[in-house]
1. Find the residue count for the range 14-64, including only residues that are out of contact with any Ser or Thr (no Cβ under 6 Å at 6 or more places or on another chain), over 26 Å from L209 (Cα atoms) and open to solvent by 70 Å² or more (accessible area, probe 1.4 Å).
2. Of everything in the range 48-79 that's modelled with pLDDT of 95 or more and part of a loop (DSSP other than H, G, I, E, B), which residue is nearest to E116 (Cα to Cα)?
3. For S203, all conditions in the list (1) over 17 Å from C24 (Cβ atoms); (2) in a strand (DSSP E or B); (3) over 18 Å from the mean Cα position of the chain (by Cα) hold save one; what is the number of the exception?
4. Which count do you get for residues in the range 137-173 that are without any contact (Cβ under 8 Å) to a residue 60 or more places away in the chain and either touching a Leu at 6+ places or on another chain (Cβ under 7 Å) or farther than 21 Å from E47 by Cα (or both)?
5. Please specify each residue of the range 161-183 satisfying the condition of being out of contact with any Cys (no Cβ under 8 Å at 6 or more places or on another chain) and assigned to a loop (DSSP other than H, G, I, E, B).
6. Of all residues being at pLDDT 95 or above and either outside any strand (DSSP E or B) or closer than 22 Å to E162 by Cβ (or both) in the range 91-115, which is most open to solvent (accessible area, probe 1.4 Å)? Just the residue, please.
7. Taking the conditions exactly as written (closer than 30 Å to I39 by Cα, open to solvent by less than 10 Å² (accessible area, probe 1.4 Å) and either part of a loop (DSSP other than H, G, I, E, B) or in contact with a Phe, Trp or Tyr (Cβ under 6 Å, 6 or more places away or on another chain) (or both)), does G186 satisfy them or not?
8. Could you tell me which numbered condition I82 fails, if it satisfies all but one of (1) β-branched (V, I, T); (2) outside any strand (DSSP E or B); (3) over 14 Å from P117 (Cα atoms)?
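The values are calculated or read from the model by the stated rules, or taken from the named source; none is laboratory data. What you see is a predicted model; the values in this text were computed from it and never measured. In this analysis, Cβ positions are derived from the backbone assuming ideal geometry, glycine residues included, and neighbour counts consider all displayed protein chains. These accessible areas exclude ligands, DNA and RNA; they are computed on the full protein's heavy atoms, side chains included. Shrake-Rupley method; radii C 1.70, N 1.55, O 1.52, S 1.80 Å.
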Amino acid sequence: MSTFFPVSQTIKPRSDLELTLFHCQEIVIQLANILPGAIFEPHQHPESQMGMLFSGSVEINVNDQKAILEPFQRAYIAGSNIPHGSTILSQENVLGFEMKYLIGSQSDKSDQVIDEPILTFQPTIDKTTGFSCKFGACSWFQIAVLEIPAHAKLPIYTSTKEEIGIIVNEQMMMKVGEEEKLLGYGSIYYAPPGVSHSGYNTSDRTISLVKVSL
């Protein structure tokens, strides 16, 4: 089994929700396909969690603070044991992803950093690639939504942080370490610290790549 291109597991925990799960060390990535009208009552768990949308519209509720999420504009953040829930507002299926991460220091409440529940992305230029992107950061992750032009390359890059990438549309050839794979929506790459990775947009269209660094 590949560390860099984890195999997914698809589950259907309820009739209006399908999840594609990936396990990357202590990180869990969930690609979600949610039917219109779904309601998720507030719940909590030890892992910190973040999420964003690829399509549709959702009202998110984090610790009784509510906000509307639209695709590629904002993410929600729910810290360890912070209640969070949501209501689907759009009339079509909602696609998006969530990431759960158990932060070791959160066992000590005095060390816990409380992030704002809604993270708004800012337009910028990605320093590594020079491509346009939307960027946001909090205490435990950074997220960038890169727009990769047709047939453009991602330069070889080695990070000091864990990095996870999700291809939102079309297909992209990714190389992590010595492994190479053609990725589309429904698959991800995982680059541990110190492992080089690069990519190539094989399509004639611009690709949206969601890149999360821990």
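1. 8
2. Only one residue tops the list, namely N63.
3. (2)
4. Filtering the range 137-173 down to residues without any contact (Cβ under 8 Å) to a residue 60 or more places away in the chain leaves 137, 139, 149-161, 163, 165, 167, 169-173.
From the residues that got through so far, the ones that are either touching a Leu at 6+ places or on another chain (Cβ under 7 Å) or farther than 21 Å from E47 by Cα (or both) too are 149-161, 165, 167, 169-173.
Count: 20.
5. Taking the range 161-183 first, the residues out of contact with any Cys (no Cβ under 8 Å at 6 or more places or on another chain) are 161, 163, 165-183.
Within the range 161-183, K161, V168, N169, E170, G177, E178 qualify.
6. Here is the first cut: in the range 91-115, the ones at pLDDT 95 or above are 91-100.
If we keep only those that are either outside any strand (DSSP E or B) or closer than 22 Å to E162 by Cβ (or both) too, we end up with 91-93, 96-100.
Values: Q91: 158, E92: 96, N93: 64, G96: 5, F97: 3, E98: 50, M99: 0, K100: 50 Å².
Taking the candidates together, the pick is Q91.
7. Values: closer than 30 Å to I39 by Cα: yes; open to solvent by less than 10 Å² (accessible area, probe 1.4 Å): no; either part of a loop (DSSP other than H, G, I, E, B) or in contact with a Phe, Trp or Tyr (Cβ under 6 Å, 6 or more places away or on another chain) (or both): yes.
When the stated conditions are applied, G186 does not pass them.
8. Going through (1) β-branched (V, I, T); (2) outside any strand (DSSP E or B); (3) over 14 Å from P117 (Cα atoms) one by one, I82 breaks only (3).
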